[in-house]
1. Quote the FRET efficiency, to the nearest 0.05, computed for E291 versus D174 with a Förster distance R0 of 41 Å and r equal to the Cβ-Cβ distance.
2. Starting with the highest mean, order 252-265, 91-104, 232-245, 10-23 by the number of other Cβ atoms within 10 Å, averaged over the residues of each peptide.
3. Under a point-charge model restricted to the Cβ atoms of Lys and Arg (+1) and Asp and Glu (-1), what is the dipole moment magnitude of the chain relative to its Cα centre, in debye to the nearest 20?
4. Straight-line reach from K125: which lysines have Cα under 21 Å away, leaving out those fewer than 8 places along the same chain?
5. Can you give the helix-only mean residue ellipticity at 222 nm for the chain, where every DSSP H stretch with n ≥ 4 adds -39500 (n - 2.57) and the sum goes over all residues, rounded to the nearest 500 deg cm²/dmol?
6. Starting from 0.36 nm per residue, how many nanometres of slack lie between N260 and N63 once their C-alpha separation is accounted for?
7. For the pair Y252 and N40, what calculated FRET efficiency results from E = 1/(1 + (r/R0)^6), where r is the Cβ-Cβ distance and R0 = 51 Å, to the nearest 0.05?
8. For M282, M58, which order do you get if you count the other beta carbons within 10 Å of each Cβ and list the fewest first?
Amino acid sequence: MEDSIIIGSQVSLSRNITNYPFPHKLSQLESQVITNKINNTILESQELSQENFILYSMKDMSNIEKDTLIDRGIINNKFSGNEMGSIILNRDKTKCILINDEDHIQIKVYKEQFNIDEAFNFANKVDDILGKKLDFAFNERLGYLTCCPVKAGTGLKISIIVHLPILSFQKKVDTYSNIAHKLGANIKGISSVKSSTLGNMFEISNRSVIGKSEKNIIESLKSLTKDIRTKEKESRLIVNMEASIELEDEIYRSLGILQNSRILSAKEAMKHLSNIKLGIEMDYIKDINIEKVISLMKGMKPAMKLMSQATSDSDIKRAEFLRNEFSLANKNKK
């Protein structure tokens, strides 16, 4: 289960088209012209035909459709209300192009586990296809120009989602966060409330791109992530040798809570899902599908927004949903 410490990888490339203002200063006509240019280029590309990309306008999407994209981290709340924004999505929503968000173009590719190279190669292919038809804003000294100066240069943003229950318990994540900062990277907890990390899940991402090549950014993030994964694995081995019964007890208590609770907050749910995932990886639990647990932790179940802000009503529904998911009949199903 080594690779399940790394839950997913996302690569994004930001670009702007020359002779047009940044999106926040675009007129309605200009935004439509840009949208048409991008969409036509994608539709005309034979290389991308098998992706079945479809263009959606934010103003025409339902709230349910927008919420689904927000839950999956494809768009944020601000973009969901952008009347001039559009998104080009593939069928399984792992590849997309955001149009007129902070920048005219943001190519985003998500891959399961630790697949940065594969994600970047596809994003780069889309970038090349668009770049042949569109004149990107580029400066010889600064590189690609973006609305946010920090993103200028390559316009590359890499995010890697990792699950670090033992390093988090040992309060060692801050140590690696300080190391990451010196390397031009960030490690931050994934949270629905400030300063409250949910499910021991963290995002490792590059902090600055100016003056760095794409290869340098990618290799630096890969090296940092591998080191952190190794430290988490080593810490698990030590805990397993020194306090295995205590850890096993906590894991099975979490399973009991998910199977029996009547009221459960998002923070509690994520804590117990984190414990169960750890239990599967450490071979304490053998009859629960780990893909189910990871899917729940990522908010991939449309029936239940586990990472959303809690209300008394949603706490009850969340508990009911998870009781069903981890019942004897269902706990090994995806």
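A short reminder: the numbers here are calculations on the coordinates, not readings from a lab. Keep in mind that this is a model prediction, so the values were computed, not measured. Ideal geometry is used to build each Cβ from the backbone, glycine not excepted, and the neighbour counts take in all protein chains shown.
1. Working: r = 30 Å, r/R0 = 0.74.
Approximately 0.85, to the nearest 0.05.
2. Result, highest mean first: 91-104, 10-23, 252-265, 232-245.
3. With only Lys, Arg, Asp and Glu charged at Cβ, the dipole is about 380 debye.
4. Cα-Cα hits under 21 Å: K37, K93, K95, K108, K111, K133, K151, K157, K212, K215, K222.
5. On the way: 11 runs with 147 residues, N = 334.
That comes out to -14000 deg cm²/dmol.
6. Gain on stretching N260 to N63: 67.7 nm.
7. Values: r = 56 Å, r/R0 = 1.11.
It comes to 0.35.
8. In order of increasing Cβ crowding within 10 Å: M282, M58.
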